[in-house]
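Comments concern the structure below.
Laboratory data are not the source of any read-out in this text; all were calculated from the coordinates shown. From a predicted model like this one, the values you see are computed outputs, not experimental measurements. Quick reminder, even Gly has a Cβ in these numbers, built from the backbone with ideal geometry, and neighbours come from all protein chains shown.
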Amino acid sequence: MHHLPGPGASGEDLDTPQWEAIRQGWYDYRYAATLAQAIAGARKQPERRARAEAIQRQFSRLLDSMPWGTPGASVRQETNLTCDEWRQRIAEMIEELSAPAAGGEAAARCPSQPGR
């Protein structure tokens, strides 16, 4: 059985750790999707292809280091600091691919986090 927090007595939304975790997970997904799009776009440009492949390898290693999605792997608890470090690295990879190529425009934009 799953329990999700509901609105407070007067109908206002409650800020709870569960909702914060869901929100943060959504931002994480957006960052990862933005990086995947940037890699795909850069692979189509001959002058960016090698860089895209290098960043894809970095991204794959980062994903492999995370404690989920690997069949048979034991799940460990990660700290907020570790998750922030992963987010920072993904943002850096997005920025690397977003830098204009010689005479070109940026390939992708880092997703914004409203209210942060």
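So for each of 37-43, 55-61, 77-83 I average, over its residues, the number of other beta carbons within 10 Å; can you give me the resulting order with the highest mean first? Numbers along the way, then the final one.
On the way: 37-43: 18.4, 55-61: 14.4, 77-83: 10.1.
Highest-to-lowest ranking by the protection proxy: 37-43, 55-61, 77-83.
Could you check the spin-label model distance between residue 19 and residue 66? Points 7 Å from the Cα along Cα→Cβ, value in nm.
2.4
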